[in-house]
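Accompanying notes for the structure given below.
The numbers here are math on the coordinates, done by the rules we state, and not lab data. Everything numeric in this text was worked out from a predicted model, so none of it was measured. Note that we place each Cβ from the backbone using ideal geometry, even for glycine, and neighbour counts take in every protein chain shown.
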Amino acid sequence: MSATPSSLRRELRVVNPATLAEVGLVDGTEPEGVGEIVAEARYAQEQWGRRPFAERTAVLRNAARVVLESMDAIAATVVAETGKPLLEAITAEVFVSLDALVWLARHAERSLRRERVPFSQPHLLHKRGWLSYEPLGAVAIVSPWNFPFSIPFTQAATAVAAGNAAIVKPSELTPLSGAWVEEIFRRAGAPPGLVRVVQGPGELVGETLVRARGIGRVVFTGSAETGRAVAVRAAERLCPVTLELGGKDPMLVLRDADLGRAIEGALWGSFSNCGQICSGVERIYVEGDLFEPFVVGLSTRAATLTIGDGRDPEVELGPLVSEQQRTHVEELVADAVGAGAELVTGGGRPDIGLPGWFHEPTVLVGEPAARISAEEIFGPVVTVVRIENIEDGIRRANASTFALGASVWTRDRAQARSVASRLEAGSVWTNDVAYSYGSCQVPWGGRKESGFGRTHARHGLRELSHVKFTDADSGRVAPPWWFPYNGRAADGFRGAAAVVYGRGAAVRARSVWHHRGGLATLGRRALRHGSRGRQGDRR
Ligand code: NAD
C-alpha cells in the first residue's frame with residue numbers, strides 16, 4: 001500500500017449536522033495496526049466458535065440488557081452525529097438492535113443446527129448425511145452513517161451468534177455511534193478481542209480491513225459505487241462479500257387504496273431520517289383519479305413537518321448528514337426542475353435559525369429525463385407520477401437499476417400479492433414501507449445494483465457460516481461405481497438409470513429385463529462387503 005497521506009491519518013472530527021457544533025474527536029486506527037486487530041479477533045474466535053450455544057445466547061442476552069440500560073446514551077450519540085429526530089434514534093437504532101439480539105438469542109441455535117440430509121436413491125440408502133453450519137472466522141463489517149448504530153450492531157450480533165468474530169469499520173462521519181458496538185459487547189462479557197471497531201477513512205482503514213488476511217467475509221453496507229470497489233478488493237483474495245447497497249424504492253398506489261393511509265405512508269417513507277434511507281420511498285406511482293388528491297394531500301402534509309434539531313422530541317425532520325449530501329440533493333432537484341419536473345412544495349433551505357445542512361421536504365411531479373430519475377436521491381425529495389393502470393406502474397417500478405424495496409397500496413389483498421410477485425425487489429410491503437428491516441426474522445437485502453446476499457434472519461446467520469456436508473457410512477456396502485470398469489458394469493448402470501430415474505412401472509420393468517445381466521453384476525458388487533469382495537473381482 002502507498003504511504004499514508006498525513007491528511008488521512010489525523011483524528012476524525014465529528015460535527016452535529018444541525019448545529020455544526022463539534023461533537024467530539026475520535027482517534028483513527030493506524031492502518032498498520034489493522035492486521036494485528038484481525039489476528040487478535042481470530043484468536044478470540046477460535047475459542048468462541050467452539051463454545052456451546054448457551055454461552056453465545058448468554059452474551060446476546062447480556063448485550064440486550066446493556067443496550068436497554070444505555071438506550072438514552074446511544075440515542076443521544078446517534079442524534080448528535082446524524083441530526084436525526086430522537087424518536088427515530090430510539091426506534092430505528094435501539095429498537096431494531098434489541099429485536100435482533102432477542103431474535104438471535106432465541107433462534108440462532110435452531111437456525112444453525114445440524115440438518116439431516118435424506119438419501120432416497122437406492123444406491124445411497126445405506127448412507128447417513130448431515131449439513132452443519134460452521135463459523136467463518138472473522139467477519140469485516142463496513143458500515144454507512146445513515147443508521148450508524150443499528151446496521152453495524154445487528155450485523156456484528158449476527159456474526160457473534162454464528163460463532164464468528166466481528167471487526168466493524170463505521171462511517172468516518174459517525175465514529176462515536178459505531179464505537180458503541182465494541183463497548184456493548186465488552187460490557188456484555190464477550191471474550192476480549194471478539195468484537196472490535198476500527199476507525200478512519202474508508203479508502204484507508206476500510207480498504208485495509210477488506211484486504212486483511214484472516215477476514216472470512218466482508219459485509220459491506222453503503223453506496224453501489226463503493227460496494228463495487230470493495231467487491232473488487234475482496235475478489236483479489238477470493239473473499240466472499242455481502243453487499244447491502246443503495247435503493248430507489250417505488251411505491252405503487254392503486255386506485256382502490258386508502259388515500260389517507262397512502263399519504264401518511266408516503267410522508268414517512270420519503271421523509272423519515274430526512275430521506276436518507278436505503279429503502280426510502282423515492283418514486284411514487286399513483287393510479288388514475290387518485291393522483292390529484294394524493295399530490296395535494298402529500299404536499300400539504302410535507303409542508304407541515306416540524307424541521308429542526310433532532311434533540312427536540314417534537315422535531316420530525318432533521319438535517320442532511322453533510323454539506324456534500326445537501327449539495328447532491330440540491331443539484332438533483334435543480335436538474336429535475338430544469339428538465340420539466342413540477343416543484344409542488346419545498347425545494348429550498350428552510351429558514352429555521354439553525355446553521356446546519358437542512359433541506360425542505362420536497363415533492364416533485366413528473367419523471368423527467370434527468371439525473372433524479374436514475375440516481376439515488378438520499379434526501380427529503382420524492383417524485384410523484386400518474387399511472388394509467390397497474391401494468392404501467394409495474395413497468396415503471398421495475399425500470400430502475402436498483403431493486404431494494406417496493407410497496408403496493410391497495411385494499412385488495414389478492415391484487416397486492418399479484419403485483420408483489422412481479423416487482424423486482426428484495427422486499428415488497430403492502431400498505432406499509434420498510435418496517436421489516438426492524439424485525440429480525442425477516443431477511444434483508446436487494447437485487448440488481450442494490451446488492452446481493454442477505455443479512456438478518458436464518459439467511460443472514462447462514463451467510464456468516466460455512467455449510468459443510470459430512471456423512472456416515474458403515475463401510476459394509478461396496479459402491480458399485482468403483483473400479484474395476486467393464487462392459488457388464490456399464491450395462492448395469494444403463495439399466496439402473498432407467499430403474500432409478502425413469503417414469504412409470506413399464507419403463508422400469510423393461511429396463512430391468514434388458515439389462516438384467518449388468519444389474520446382477522452391480523447387485524453382486526454392492527452386496528460384497530468392503531475391500532474383501534473387491535480383490536480380483538473383474539465381473
Ligand atoms: P459509502 O459507500 O460512502 O461508505 C460506506 C462505508 O464504506 C463507510 O464506512 C466508508 O468509510 C467505507 N468505504 C469507503 N470507501 C471504501 C473503500 N475503498 N474500501 C472500504 N471501505 C470504504 O456510503 P455512505 O455514504 O456511508 O452510506 C450511504 C449509502 O449506503 C447509500 O447509498 C445507501 O442507500 C446505502 N445503504 C444501504 C443499506 C442497505 O441495507 N442496502 C442500508 C443503509 C445504507
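A compact table of results
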{"item": "Centre separation in Å (Cα based) which lies between region 352-382 and region 192-238", "result": "30 Å"}
{"item": "Share of pairwise Cα separations in region 314-435, more than 20 Å, in percent", "result": "52 percent"}
{"item": "Long-range tail of P(r) for region 111-242 (Cα pairs > 23 Å, %)", "result": "39 percent"}
{"item": "At R0 = 45 Å, FRET efficiency that the Cβ-Cβ distance of residue 471 and residue 102 yields, to 0.05", "result": "0.80"}
{"item": "Under-5 Å amide H pairs with residue 83, H placed in peptide plane, nonlocal only", "result": "none"}
{"item": "Whole-number D in µm²/s for region 446-516 (Stokes-Einstein; Kirkwood sum over Cα pairs; 10 °C, 1.306 mPa s)", "result": "94 µm²/s"}
{"item": "Debye log10 I(q)/I(0) at q = 0.11, 0.13 Å⁻¹ for region 380-539, Cα point scatterers", "result": "-0.70, -0.74"}
{"item": "Directionally averaged projected area (convex hull, Cα atoms, the chain), nm²", "result": "31.4 nm²"}
{"item": "26 Å Cα cut-off, lysine pairs counted over the chain (separation 8 or more, or different chains)", "result": "6"}
{"item": "Dipole magnitude of region 210-365 about its Cα centre (Cβ charges: Lys, Arg +1; Asp, Glu -1), debye to nearest 20", "result": "1100 debye"}
{"item": "Formal net charge of residues neighbouring residue 411 (Cβ-Cβ distance under 14 Å; K, R +1; D, E -1)", "result": "-1"}
{"item": "Dipole magnitude of region 211-269 about its Cα centre (Cβ charges: Lys, Arg +1; Asp, Glu -1), debye to nearest 20", "result": "540 debye"}
{"item": "Positive-end residue, the chain charge dipole about Cα centroid, Cβ charges, pick of 267, 66, 131", "result": "131"}
{"item": "Centroid-to-centroid separation of region 111-125 and region 128-161 [C-alpha atoms, Å]", "result": "27 Å"}
